[in-house]
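Engineer: Dropping the structure in here first, questions after.
The values are calculated or read from the model by the stated rules, or taken from the named source; none is laboratory data. Everything quoted here is computed from the prediction, not taken from an experiment. Virtual Cβ from ideal backbone geometry, glycine too; neighbours counted across all protein chains shown. Areas reflect the complete protein model, heavy atoms only, side chains present, ligands, DNA and RNA absent. Shrake-Rupley method; radii C 1.70, N 1.55, O 1.52, S 1.80 Å.
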Amino acid sequence: MDDLKIKQMLDRFLFFYDKASLENADPERRYELWKEHYGFTFVPPGYEKDQFEREMLNYAWDKYSLVYDRIKYFEMDEVNLQELVTPVKQALQYDEPISLTLLFFVGTFETEPFILEQDHEYTICFPIETEWNDFKLLQEIVRVVHCCKSGLAPSQTRTLAQLIFQEGIALHTARQLMSKQANVKTELLWSREKCSREPNRIMINIIPHLSRTDYEALFSFTKGTGASGYEKEANFTGWIVVKHLLDNGRMVGDLASVPKEDVDTFVERSLFSLLNHAYIIQPQE
């Protein structure tokens, strides 16, 4: 049986926010209160912890008042975690029990969900200050089940190839399940993303970087600009590579079975296969 829990850090955040607001605290005092009463964030590797936290808190502070009620009245009971986990496990053909905690917290409006793992126990840390996104939550659950099945890491210790592979499986699995669950067509409008204009160039330029594990590479190919000068190059590459594999008869459960030590080579071969099929999207005006 799965060990599933839902927790929150919203009360701690509200205590900090109310106290800082009541004191009309300056940025230095706000940061002191933040550390004392809340102090929860994801600090990317290579960043000075205090400096990063200060900058992000200052960036977000004036925006919190706009979403105060969303934070205060957020209902965790609306999320039935088992109803989300079960279809993901079925799609990825994984039968073993998993230990998963869904932790809701308040980020800084730029914070992405992230996954922590210790002794095969996973925690999805999910920010709620921005508009709720069922699709994104489902993606994170797919990542956890994929990690359980393949042995891949959910953190920054991955290679770029592993990140691409995880992203592609998460996107396609979540899309399939959302379409069934909501009985609506869930479209990923890559046509709106500039990276979709030059798929072949993006794939060719990303291949030399597949084995990199440094945060600079993982960041630049997702939230930054990659080797071809576009944002989300790794996400887009994962989407088209896994789509290519699915179109050729593979199943997401089959792909999730690829062991972590084989992923780099598997992704590289899949990219060359896709390039050989002359994957072309017409440039947009």
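Engineer: Report, to the nearest 10°, how far helix 49-64 tilts away from the longest principal axis of the Cα atoms in the chain, using its own Cα long axis and a range of 0 to 90°.
Structural biologist: Compared with the principal axis, the helix lies near 80 degrees.
Engineer: Could you tell me the largest-minus-smallest coordinate of the C-alpha atoms of region 160-281 on each of the three principal axes, in descending order and whole angstroms?
Structural biologist: Result, largest extent first: 39, 33, 29 Å.
Engineer: Rounded to the nearest percent, how much of the accessible area of the chain (1.4 Å probe, protein heavy atoms only) is carbon and sulfur?
Structural biologist: 47
Engineer: Let me have the 222 nm mean residue ellipticity of the chain computed from DSSP H runs of 4+ only, each contributing -39500 (n - 2.57), with the sum over all residues rounded to the nearest 500.
Structural biologist: Taking each H run of at least 4 residues, the total per residue is -16000 deg cm²/dmol.
Engineer: Would you calculate the separation in nanometres between label points at TRP132 and LYS63, each defined as 7 Å from the Cα along the Cα-to-beta-carbon direction?
Structural biologist: Simple spin-label model gives 2.0 nm for this pair.
Engineer: Then there's this: Charges at C-beta only: +1 for Lys and Arg, -1 for Asp and Glu. How large is the resulting dipole of the chain about its Cα centre, in Debye rounded to 20?
Structural biologist: 780
Engineer: Which part of region 124-156 falls in the paramagnetic zone of MET251, meaning amide N under 17 Å from the point 7 Å along Cα-to-beta-carbon?
Structural biologist: 146, 149-150
Engineer: Normalised radius of gyration for region 1-81, please: alpha carbon Rg relative to 2.2 N^0.38 Å, two decimal places.
Structural biologist: Ratio of Rg to 2.2 N^0.38 Å for region 1-81: 1.27.
Engineer: Order the following by accessible area, largest value first: THR222, THR130. Probe radius 1.4 Å; ligands, DNA and RNA are ignored.
Structural biologist: THR130, THR222
Engineer: Given the pairs LYS7/LYS136; LYS35/LYS232; LYS72/LYS223; LYS19/LYS63; LYS89/LYS136; LYS7/LYS243, which span a C-alpha to C-alpha distance of over 24 angstrom in this model?
Structural biologist: LYS35/LYS232; LYS72/LYS223; LYS7/LYS243
Engineer: Also, quick follow-up: Please name whichever of LEU274, PHE105, ALA256 sits farthest to the positive end of the charge dipole of the chain, dipole taken about the Cα centre and charges placed at Cβ: Lys and Arg +1, Asp and Glu -1.
Structural biologist: Looking along the dipole axis, the top candidate is LEU274.
Engineer: When ligands, DNA and RNA are left out and all protein chains stay put, how many square angstrom of accessible area per residue does the chain have with a 1.4 Å probe?
Structural biologist: Spelled out: the 1.4 Å probe surface of the chain, per residue, equals 52 Å².
Engineer: What is the Rg over Rh value, at two decimals, for region 3-150, using alpha-carbon atoms and the Kirkwood definition of Rh?
Structural biologist: Using Cα coordinates only, the ratio equals 1.01.
Engineer: Using only Cα atoms, locate the centre of region 123-175 and the centre of region 72-117, then give the distance between them in Å, rounded to an integer.
Structural biologist: 10
Engineer: Continuing with the same structure: Run the numbers for PHE272 and GLU193: contour at 0.36 nm per residue of separation, minus the present Cα-Cα distance, in nm.
Structural biologist: Going from the current span to full extension adds 26.2 nm.
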